[in-house]
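What follows is a single structure, written as structure tokens, with notes after it.
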Amino acid sequence: MKNTLLEHWRISTFRLAILFGVLFTLGNVALLSLIYWQTSSYLVHRIDDSIYGMASNFKNLTPDKVVREVDETLTYDLRRSNLYGLFTADGKVIAGNMKTFPKDLPIDGNIHQFAQLSISPYRSPANTTQTVNGLARALVQRLANGNILIIGRDFTQLAEIKTIILNALIGSGAVILFIGLLSGFALSLSPLRRINVIRATSRRIMQGELSLRMPLSSRHDELDMLSTIVNAMLEEIERLLTEVKSVTDTLAHDLRTPLTRLRLMLYRAQQQLAPDHPQQPFLENVLDETDSLLRRFRALLRISEIENHQRKSGFRSVNPEEVLRQLIELFEPLAEDASVNLMLQCEATSTIEADPDLLFEALSNLVDNAIKFTPAGGSVWIKLGQMNLVPRIDIIDTGCGIPVSEREAVLLRFHRSNTAQAHHHNKEGYGLGLSIVTAVMRLHGFSLQFQDTEIGTHLTVFCARE
């Protein structure tokens with residue numbers, strides 16, 4: 001679920017829908033806030049005008065008349081929304097519908113807002129004791145005899161309006177955000193599907209299928225524009241690589257026949273000379289160099305054959321342990337001659353889809369290099385294990401190792417590690433073995449990785465399609 005939301009969040013349509021939802025929510029908050037402010041200002045103004053009007057009825061009245069005026073006014077207040085309170089100087093109730101003097105209410109002749117137990121506007125006329133928590137605005141003044149007169153209006157309705165507007169803000173904001181999220185999710189489904197197709201196609205192209213192209217739709221939108229540009233680039237890259245590859249393959253193929261003839265002629269010339277002829281060593285060296293050239297051309301043609309991606313008919317379910325045991329049988333004599341300890345350690349793993357011959361060839365190159373560049377008395381370990389349900393093959397040696405700076409370069413054609421050449425001048429190699437391994441790994445979709453180690457080289461093959 002988390003990955004799905006993250007994938008949708010990466011789509012600009014989804015983010016825009018969420019952004020618009022947030023903007024609409026903010027706009028809704030601003031609108032309702034403006035409505036509340038305008039309503040509040042209007043009601044406060046009306047209530048204050050009403051309070052000043054009620055207070056004008058008490059001007060120039062004697063204390064006795066003030067009490068009667070309060071009682072008569074409350075008698076005719078059918079809505080029960082007015083507040084009257086006549087208190088002694090020490091806060092005792094004389095008349096009115098206020099039971100107590102509000103705490104900390106200044107007596108300055110101005111209108112103030114305060115919390116109080118207001119009379120419910122929904123009570124029956126006979127029940128004058130039913131009260132609810134609320135707000136009030138009132139004018140407070142001291143009379144000539146020292147008594148305090150409070151004249152005000154119940155302000156609870158404005159607080160209720162505030163609550164209604166706040167609930168509307170929360171409700172409408174949640175609905176808008178939910179609609180925005182739902183709309184963004186729905187609108188991003190189609191782009192996400194197209195991006196997943198583009199991603200899958202890109203991975204296949206990265207694995208060497210340069211004939212593939214990015215899919216196009218009938219919308220002609222920005223994804224199609226980008227795909228069109230990428231397809232044009234791929235066509236040019238494929239053309240250039242095909243030309244370079246065809247030149248290399250043609251040279252390797254066309255030169256192999258003349259070199260084979262040359263070797264045959266040199267061999268005949270050597271056979272025609274006496275065994276003790278002074279030219280025999282020279283011809284022997286020439287034959288060795290010719291054989292070396294032929295092996296290089298065969299390796300180049302082998303890489304080209306593997307990279308064609310046409311050899312997948314031999315793929316089947318393979319038990320990697322069987323392949324590794326065949327490797328041990330093949331290389332044990334070579335390891336004994338080199339005084340190198342060759343060891344195999346296998347754990348139970350799942351089978352893999354692979355061409356067993358190509359896999360054997362790739363692993364043979366790795367094991368051959370490990371034995372070749374490990375000094376006498378050293379060791380080579382071949383380990384089969386499983387990590388996250390993926391079989392992995394580790395080949396570890398105690399040889400000279402490959403510096404981190406050269407690990408990518410040694411996978412290229414004709415590159416030989418400087419460290420290996422410095423430690424083993426007499427070891428024959430053409431810099432094509434790991435290129436063959438890389439081609440086989442790419443064909444299978446496997447991963448070949450260098451692991452950090454203090455001594456020697458540690459290579460890991462993860463047998464799962466990337």
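What percent do you get for the relative contact order of the stretch 65-110 when only Cα pairs under 8 Å and 6+ apart count?
Values: 43 pairs, mean separation 13.0, N = 46.
Averaging sequence separation for qualifying contacts and normalising by length gives 28 percent for the stretch 65-110.
List the GluC sites (Glu not before Pro) within the stretch 327-376 that fall in a DSSP loop (any state other than H, G, I, E or B) and whose Cβ has at most 11 other Cβ atoms within 10 Å.
Sites meeting the loop and neighbour criteria: GLU347.
Could you calculate the contour length gain from VAL197 to ASP368, that is, 0.36 nm times the residue separation minus the distance between their Cα atoms, to one decimal place in nm?
Values: separation 171, 0.36 × 171 = 61.56 nm, distance 4.04 nm.
Extending this stretch completely gives an extra 57.5 nm.
Across the stretch 170-186, in residue order, what do the Karplus-derived ³J(HN,Hα) couplings come to in whole Hz, using 6.51 cos²θ - 1.76 cosθ + 1.60 with θ = phi - 60° and x for Gly and Pro?
Karplus-based 3J(HN,Hα) across the stretch 170-186 equals 5, x, 5, x, 5, 5, 5, 5, 5, 5, x, 5, 5, 5, x, 5, 5 Hz.
I want to check the label-to-label distance for LEU411 and LEU212. Put each point 7 Å from Cα in the C-beta direction and report it in nm to one decimal.
1.8
Tell me which residues come under 5 Å, amide H to amide H, from VAL340 once H is placed; ignore anything under 5 positions away on its chain.
GLY377
Quick one: which of 260-269, 362-371 comes out on top by average Cβ neighbours within 10 Å, and what's the full order, highest first?
362-371, 260-269
Excluding GLN280 itself, what net charge comes from residues whose Cβ is under 14 Å from its Cβ, given Lys and Arg +1 and Asp and Glu -1?
Counting the neighbours of GLN280, the net charge comes to -2.
Between their Cα atoms, which of LYS65/LYS162; LYS65/LYS92; LYS59/LYS162 are more than 27 Å away from each other?
Details: LYS65/LYS162 39 Å; LYS65/LYS92 18 Å; LYS59/LYS162 35 Å.
Long pairs (Cα-Cα over 27 Å): LYS65/LYS162; LYS59/LYS162.
Can you list the aspartates and glutamates whose alpha carbon is less than 20 Å from that of LYS103, not counting same-chain residues fewer than 8 positions off?
Once the sequence-local aspartates and glutamates are set aside, what remains near LYS103 is ASP90, ASP154.
Classify the stretch 138-229 from the C-alpha gyration tensor, please: rounded if a/c falls under 1.5, else prolate or oblate depending on whether a/b exceeds b/c.
Details: a/c = 6.85, a/b = 6.17, b/c = 1.11.
Note, shape of the stretch 138-229 comes out prolate.
Need one number: nm distance between label points at ARG15 and TYR76, each 7 Å from Cα along Cα→Cβ, rounded to one decimal.
So the label points at ARG15 and TYR76 sit 6.9 nm apart.
We did not get these values from a lab; they are worked out from the coordinates using the rules stated. The structure presented is a predicted model; accordingly, all values stated were derived computationally and were not measured. Ideal geometry is used to build each Cβ from the backbone, glycine not excepted, and the neighbour counts take in all protein chains shown.
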